[in-house]
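Structure first, commentary second.
The values are calculated or read from the model by the stated rules, or taken from the named source; none is laboratory data. Remember, predicted model here, so these are calculated numbers, not experimental data. Virtual Cβ from ideal backbone geometry, glycine too; neighbours counted across all protein chains shown. Side chains are part of the model used for accessible areas, which takes the heavy atoms of the whole protein and leaves out ligands, DNA and RNA. Shrake-Rupley method; radii C 1.70, N 1.55, O 1.52, S 1.80 Å.
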Amino acid sequence: MMGKITFYEEKNFQGRSYECMSDCSDMSSYMSRCQSCRVESGCFMLYEKNNYMGQQFFMRRGEYNDMHRMQSMGMMFDNIRSCRMIPFHRGQFRMKIYERENFGGQSNEMMDDCDNIQDRYRMSDCQSCHVMDGHWLMYEQPQYRGRMMYMRPGEYRSFRDMMSGQRFMSMRRITDMC
């Protein structure tokens, strides 16, 4: 299933628009700013900087007529410079989280959502992980709050290198078909 998101320079789906059906590492050549967007199908991660860097925000199907109001939903930035389509995953979800960078310290394998790693695993921190199956969202605070990061299958040796000292305390599987 293909995803489709349309970005608009002005609130309420006005002004110049850019339609995207895949990853886009630099939207600045298509539009100067984004004040609203419409996700027609699929799920997307939006990034505040080019090349999928900086703050991230998860978007599912829906209409978002005022990006400034999105801050009340946890979006911590008001400019979108890149986006990544999240493919739908069928099958199991597996991720191993580690207390320290470079897969050090205490580790735990997860197959479902975790709203607080300290309560569930007695881990005070999560600094690296290996995503074996599925796509995940990791949050800096318990209860799926704060800044988030999209994780797809692969090894992530140091969250500090990825997002300036970011640590994660809760994780959620992306199970939406959007």
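The table that follows gives values for the structure above.
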| quantity | calculated |
| --- | --- |
| Among (1) assigned to a strand (DSSP E or B); (2) within 19 Å of the chain's Cα centre (by Cα) - the single one Arg90 does not satisfy | (1) |
| Residue count, the stretch 110-147 (criterion: open to solvent by less than 20 Å² (accessible area, probe 1.4 Å), of a type in the set (A, V, I, L, M, F, W, C) and closer than 22 Å to Cys43 by Cβ) | 7 |
| Qualifying positions in the stretch 17-47 - more than 27 Å from His89 (Cβ to Cβ), open to solvent by 20 Å² or more (accessible area, probe 1.4 Å) and at pLDDT below 95 | Ser28, Ser29, Tyr30, Ser32, Arg33, Gln35 |
| Single match in Ser22, Ser17 (criterion: more than 19 Å from Met162 (Cα to Cα) and without any contact (Cβ under 8 Å) to a residue 24 or more places away in the chain) | Ser17 |
| Subset of the stretch 107-154 [outside any strand (DSSP E or B), within 18 Å of Thr175 (Cα to Cα) and in contact with a Cys (Cβ under 9 Å, 6 or more places away or on another chain)] | His135 |
| Yes/no for Phe93 being open to solvent by less than 30 Å² (accessible area, probe 1.4 Å) and within 29 Å of Met31 (Cα to Cα) | no |
